[in-house]
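To start, the structure under review is shown below, and the notes come after it.
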Amino acid sequence: MEIPAIVGAGLVVIGVGMGIGRIGGSAMEAIARQPEAYGKIQTAMLIAAALIEGIGFAALFAV
Amino acid sequence: MLSASNETQGTDKKAEIKAYITHHLQDSYDFSLTSYTDQQGVHHYVGFPLPIILWDNGLKVFSSSKFHHGESVAEVDGAFYAIEHNKIYKTDEAGTINYDEQHHPANPKPLDLSITKSVVMIFITGLLMFFLFRSLARSYASNRGVASGAGRFFEPIVLYIRDDIAIPNIGEKHYKRYMSYLLTIFFFIWFLNIFGLTPLGVNVTGNIAITFSLALLTFLITNLTGNKNYWKHIFWMPGVPIPMKIILAPIELLGVFIKPFSLLIRLYANMQAGHIVLMSLIGLMFIFKSWLGSTLSFGLAFAISLIEVLVALLQAYIFTMLSALYFGFAVEEHHEEAH
């Protein structure tokens, strides 16, 4: 029951959530503007999300 | 009184589930599928033992059934070995383990080359991939350019990897050199991730040694096939003033190591965390023991396992994509700066 560890893990999740949420939001807007580019936008969104998630997991494991 | 006994039962259950999850996540020296305790209280194991290969002043090969699931000391040619926390230590006849200050065992460890459960799964996956893709390749010759058989499902995926992962990142000139590696790691990681979700209880990609080896391969291939432009970009970045070049060089050098390291951590953490969450939810079913709680946690566990199937494919795709990106950096030609 280490409070600093729990708080740290919560902060990491907030950061990751905000980051991926922003990426998802911009991806949605971009798809709305140009529906034909759906495939490329989805690919780029997944890559960026995976990079952020990688950092998030590394931090969670350290915590 | 009743509530107190329920609470002790609760904590025992939690500790039991935790021990079960830890056992499930680790590699093991025998392929045990399940175990049960019958009415006489005797513990039965369903599974088969695997060979243990040790190098300890000589090659020692024996079956892991000598350990009796970690309970007894194995004697081979006069030397005694015991398993503690899933590692083999050299010990004496009574099986004493000497602990040092941090409560880690201080016995000498022989060099362990055993065929463990993960190694068996890697062999099976390798054979599966070999036969699957060999039949696909052969069907092209016998069917005049049209794929047939079980490999038909993988043809669009192979083409996708070539057209949308390899060529955009590596370029038309050099992509063929790397295609075999990219295809191999994509299907290897994907199949192993899916195997991890089956009830067989294997956890291969959640093992940091295995993801370390895959990331090491990407690292070696990137740096051994890097051309002069690649190394120039690391140590003496063109197009920036000299003080910046000196600052950038150590950062870029760190980046050479950190990029494959992030590949390693991403795959390991995703798979490990997925397994832990899934098994904790299933264990939650047993802690609740009520109609509503167990049903809800079952539903949640089911939904999460569907997401895990998606994550299996996604992680394989991301690993392959980023490896292709790093290979693209390694073979990038020099662009003239547009002024």
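Can you spot a residue in region A:18-25 that is away from chain B (no Cβ under 14 Å), within 18 Å of residue B:273 (Cα to Cα) and either within 15 Å of the chain's Cα centre (by Cα) or surrounded by fewer than 16 Cβ atoms within 10 Å (Cβ to Cβ) (or both)?
Within region A:18-25, none of the residues are away from chain B (no Cβ under 14 Å), within 18 Å of residue B:273 (Cα to Cα) and either within 15 Å of the chain's Cα centre (by Cα) or surrounded by fewer than 16 Cβ atoms within 10 Å (Cβ to Cβ) (or both).
Which residues, counting only those in region B:222-236, are surrounded by fewer than 16 Cβ atoms within 10 Å (Cβ to Cβ), free of Cβ contacts under 8 Å to residues at least 24 places away in the same chain and touching a helix residue (DSSP H, G or I) at 6+ places or on another chain (Cβ under 8 Å)?
B:235, B:236
Answer yes if at least one residue in region B:276-296 is within 14 Å of chain A (Cβ to nearest Cβ) and on the phi < 0 side of the Ramachandran plot, and no otherwise.
Yes, because at least one residue in region B:276-296 is within 14 Å of chain A (Cβ to nearest Cβ) and on the phi < 0 side of the Ramachandran plot.
What residue, among those in region B:142-165 that are aliphatic (A, V, I, L, M) and at pLDDT 75 or above, is farthest from the chain's Cα centre (by Cα)?
Here the answer is B:159.
Considering region B:219-239 alone, what residues qualify as being within 11 Å of residue B:256 (Cα to Cα) and among the polar types (S, T, N, Q)?
B:222, B:223
Look at region B:303-339 and say how many of its residues are part of a helix (DSSP H, G or I) and either over 30 Å from residue B:263 (Cβ atoms) or in contact (Cβ under 8 Å) with a residue 60 or more places away in the chain (or both).
So the count comes out to 21.
Can you give me the number of residues within region A:29-61 that are more than 10 Å from chain B (Cβ to nearest Cβ), surrounded by fewer than 12 Cβ atoms within 10 Å (Cβ to Cβ) and part of a helix (DSSP H, G or I)?
Residues in region A:29-61 being more than 10 Å from chain B (Cβ to nearest Cβ), surrounded by fewer than 12 Cβ atoms within 10 Å (Cβ to Cβ) and part of a helix (DSSP H, G or I): 5 in total.
Given the conditions (1) under 30 Å from residue B:12 (Cβ atoms); (2) within 14 Å of chain A (Cβ to nearest Cβ); (3) of a type in the set (Gly, Ala, Ser), and given that residue B:301 satisfies all but one, which numbered condition is not satisfied?
(2)
Among the residues of region B:128-138, is any in a helix (DSSP H, G or I), within 26 Å of the chain's Cα centre (by Cα) and surrounded by 19 or more Cβ atoms within 10 Å (Cβ to Cβ)? Steps first, please.
Looking only at region B:128-138, we keep the residues that are in a helix (DSSP H, G or I), and these are B:128-138.
With the extra rule that they be within 26 Å of the chain's Cα centre (by Cα), the set shrinks to B:128-134.
If we keep only those that are surrounded by 19 or more Cβ atoms within 10 Å (Cβ to Cβ) too, we end up with none.
No; the residues of region B:128-138 include none that is in a helix (DSSP H, G or I), within 26 Å of the chain's Cα centre (by Cα) and surrounded by 19 or more Cβ atoms within 10 Å (Cβ to Cβ).
For the structure I just gave you, tell me whether residue B:334 is surrounded by fewer than 12 Cβ atoms within 10 Å (Cβ to Cβ), over 30 Å from residue B:202 (Cα atoms) and either of a type in the set (Gly, Ala, Ser) or more than 14 Å from chain A (Cβ to nearest Cβ) (or both).
It is true that residue B:334 is surrounded by fewer than 12 Cβ atoms within 10 Å (Cβ to Cβ), over 30 Å from residue B:202 (Cα atoms) and either of a type in the set (Gly, Ala, Ser) or more than 14 Å from chain A (Cβ to nearest Cβ) (or both).
Give the residue that is nearest to residue B:237 (Cα to Cα), with candidates limited to residues of region B:253-275 that are surrounded by 15 or more Cβ atoms within 10 Å (Cβ to Cβ) and away from chain A (no Cβ under 11 Å).
Taking the candidates together, the pick is B:256.
The values are calculated or read from the model by the stated rules, or taken from the named source; none is laboratory data. Computed from a predicted model, the values in this text were never measured in an experiment. Cβ: placed from backbone, ideal geometry, glycine included. Neighbour counts: every protein chain shown.
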